[in-house]
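Novice: First the structure, which I've put down as structure tokens, then a few questions once you've had a look.
The values are calculated or read from the model by the stated rules, or taken from the named source; none is laboratory data. Note that the structure is predicted; figures quoted are calculated from it, not measured. We place every Cβ from the backbone using ideal geometry, glycine too, and count neighbours over all the protein chains shown. Calculation scope for accessible area: heavy atoms of the full protein, side chains included, ligands and nucleic acids excluded. Shrake-Rupley method; radii C 1.70, N 1.55, O 1.52, S 1.80 Å.
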Amino acid sequence: GAPFLSTALTNNVRIKKLNLRQTGVKEIGALCIGQMMIENGCLQEINFSQNYLGAKGGAMFGNGLMGSAGLVKINLSWNGITDSAGAHIASSLSDNSMLKYIDLTGNTLGTVTCRLLATSLD
């Protein structure tokens, strides 16, 4: 499902908010949605909570954050995101000046990773 959805949304300029909460998206879906975020500069908000991205999926999603031009709010809560994926997301955020809000509640992120994330959002 996610590969087809991401293809359809790549050039869509009308949709500003996307709710993919609890849709069962995993690593491949995260890669596709991340790629779509790079190409679609109109999407402003994504709720991607309660999927299971894990370490690999979280890192793949982070790639999309790096190149996303319009995204200002993202919810990645309860996705099994680990420190390694969190660090990758933090690195991606340092190149994204638009994002103002990220929810990572319920993931297994340590203090060091949380500091990296906080610093990247400054």
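Novice: Using θ = phi - 60° and the Karplus relation 6.51 cos²θ - 1.76 cosθ + 1.60, list the HN-Hα couplings for region 69-79 in order, rounded to whole Hz, with x at every Gly or Pro.
Specialist: Computed from phi, the couplings for region 69-79 are 8, x, 5, 10, 9, 9, 10, 10, 5, 6, 10 Hz.
Novice: Along the Cα→Cβ direction, 7 angstrom out, place labels at Leu121 and Ser84. What is the inter-label distance in nm?
Specialist: So the label points at Leu121 and Ser84 sit 2.5 nm apart.
Novice: Largest first, what is the accessible-area ranking of Val72, Val25, Val112 with a 1.4 Å probe?
Specialist: If we order Val72, Val25, Val112 from most to least accessible, we get Val112, Val72, Val25.
Novice: Taking θ = phi - 60°, what integer Hz values does the Karplus form 6.51 cos²θ - 1.76 cosθ + 1.60 yield along region 98-108, in sequence order, with x for Gly and Pro?
Specialist: Once rounded to whole Hz, the list reads 8, 5, 10, 9, 9, 10, 10, 4, x, 9, 9.
Novice: Using a 1.4 Å probe over the heavy atoms of the protein chains, calculate the carbon and sulfur portion of the accessible area of region 42-120 as a whole percent.
Specialist: 58 percent
Novice: Relative to the longest principal axis of the C-alpha atoms of the chain, give the angle of the C-alpha long axis of helix 54-67, reported between 0 and 90° and rounded to the nearest 10°.
Specialist: Computed tilt is about 70 degrees.
Novice: Follow-up. Among residues other than Met60 whose Cβ falls under 13 Å from its Cβ, what is the net charge (Lys/Arg +1, Asp/Glu -1)?
Specialist: Charge balance near Met60 sits at +1.
Novice: Related question: Would you mind checking the tilt of helix 27-39 against the longest principal axis of the Cα atoms of the chain, expressed as 0 to 90 degrees and rounded to 10?
Specialist: 70 degrees
Novice: Keeping all protein chains in place, calculate the accessible area per residue for the chain (probe 1.4 angstrom), answer in Å².
Specialist: The answer is 51 Å² per residue.
Novice: Output needed: percent of Cα pairs per 10 Å distance bin for region 25-106, bins running from 0 to the one holding the longest distance.
Specialist: Bin by bin from 0 Å, the calculated values are 22, 61, 17.
Novice: Along the charge dipole of region 24-122, Cβ charges K/R +1 and D/E -1, which of Leu116, Ser92, Trp78 sits furthest on the positive end?
Specialist: Trp78
Novice: Ordering Phe61, Phe4 from largest to smallest accessible area (1.4 angstrom probe), what's the sequence?
Specialist: Result of the area sort, largest leading: Phe4, Phe61.
Novice: Next up: Taking every pair of alpha-carbon atoms in region 9-48, give the share separated by more than 13 Å as a whole percent.
Specialist: 51 percent
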